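The values are calculated or read from the model by the stated rules, or taken from the named source; none is laboratory data. Predicted model, so just to flag it, every value in this text is computed and none were measured. Counting neighbours? That spans all protein chains shown, and the Cβs are built from the backbone with ideal geometry, glycine included.
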Amino acid sequence: MKKAWVLIPLAVFIAMLVFLGVGLKLDPREVPSPLIDKPVPVFHLQTLDTPSRLLSSADMRGQVWLLNVWASWCSGCREEHPVLVEFAQTRAVPIVGLDYKDQPDDARRWLGNFGNPYIASVSDPDGRTGIEFGVYGVPETFVIDKAGIIRHKQIGPITPDILRDTILPLVKKLNAA
Amino acid sequence: MLLKFIFPLLFAAMLAPAFAREAAPVAADPVAEARLMKLSSELRCLVCQNQTIADSNAELAVDLRNEIREKIQTGMSDAEIKDFMVARYGDFVLYRPPVKNTTLVLWIGPFLLLAVGGGILVFNLRRRRHAGADPELSHDDQALAESLLHTDSTKETT
């Protein structure tokens, strides 16, 4: 009986270790987005290549699409970019770029240098649209379904693994729906 | 000698915050600015997560302060502005998380731990007090103790 009592602090300690261990593996930067399963915020912005042409979120209705938030000043985007360029060649899903708090000239040069995976990029020079999307760190990517509902948010650079294991299966599922 | 160097250094350090003041806001409305400061000091900057939007000079924090300033000017209430932020960034932006099913452990957990700890403490103290009151000397022990005390005192007097 007395021995059982002695074991309690040990049990509590082990439970704490487990919690702390799990906590270590979580990335505090990945804050779950409240926008999941909500309609995509409305935007109506100039496209990067032809500023006279506007693209709005409503134009993408009826298809599954990705919105990739990027900027020429963002190093994570550099890392992610070749993955997106390669992915775009498979034509699995249209990718719209949101050029976040960027100079259009820098952005165009960046796409010229590293390739353009986007069916179109729209300019968000003051970051207002970014705020509507709850963007807090580029790159971020949203998966949006045919009805214009956000189904997934990827925070940080997309890797080939994330594409294969998360994004592609979800796109397929949403396309079948 | 050392003081000679340290004193000007300290003085310089004291001056520094005076220069670190933020640029004067465009809106010259002190009431709105006070509201902005109060609101933004309750909202977390998501780039530098342990700072509030009021403290942080990260670009996002500056943008969000401007956004809040505009919202105040259009006549939105504090609650509406907070709802706007939560709808985009989640409960995490609130420095004081709301009481909800998912945050119940956060709110009640510390008190629960305190209660459990206090309970264990009280339990142990009671047990110890009982244990201390228990032992009564047997007759033989009493006699032995007395004889020892007696010899002790006689030794001291001699």
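Note on segment B:67-96: among residues that are exposed (fewer than 14 other Cβ atoms within 10 Å of the Cβ) and under 22 Å from B:Cys48 (Cβ atoms), the one that is farthest from the other protein chains (Cβ to nearest Cβ) is B:Arg96.
Taken over segment A:119-177, the residue count meeting the criterion of being in a loop (DSSP other than H, G, I, E, B), farther than 15 Å from A:Val96 by Cα, within 14 Å of chain B (Cβ to nearest Cβ) and not charged (D, E, K, R) is 7. Taking the conditions exactly as written (within 14 Å of another protein chain (Cβ to nearest Cβ) and over 14 Å from the mean Cα position of the chain (by Cα)), does A:Trp110 satisfy them or not? No. On inspection, A:Leu84 fails the criterion of being closer than 30 Å to B:Thr52 by Cα, surrounded by 22 or more Cβ atoms within 10 Å (Cβ to Cβ) and either among the aliphatic types (A, V, I, L, M) or without any contact (Cβ under 8 Å) to a residue 40 or more places away in the chain (or both).
For segment B:57-101, residues that are among the small types (Gly, Ala, Ser), closer than 19 Å to A:Glu30 by Cα and not in a helix (DSSP H, G or I) total 2.
Looking only at segment B:38-53, residues that are at pLDDT 90 or above and surrounded by fewer than 18 Cβ atoms within 10 Å (Cβ to Cβ) come to 3 in all. Looking across segment A:97-114, the residues that are surrounded by 15 or more Cβ atoms within 10 Å (Cβ to Cβ) and assigned to a helix (DSSP H, G or I) come down to A:Pro104, A:Ala107, A:Arg108, A:Trp110, A:Leu111, A:Phe114.
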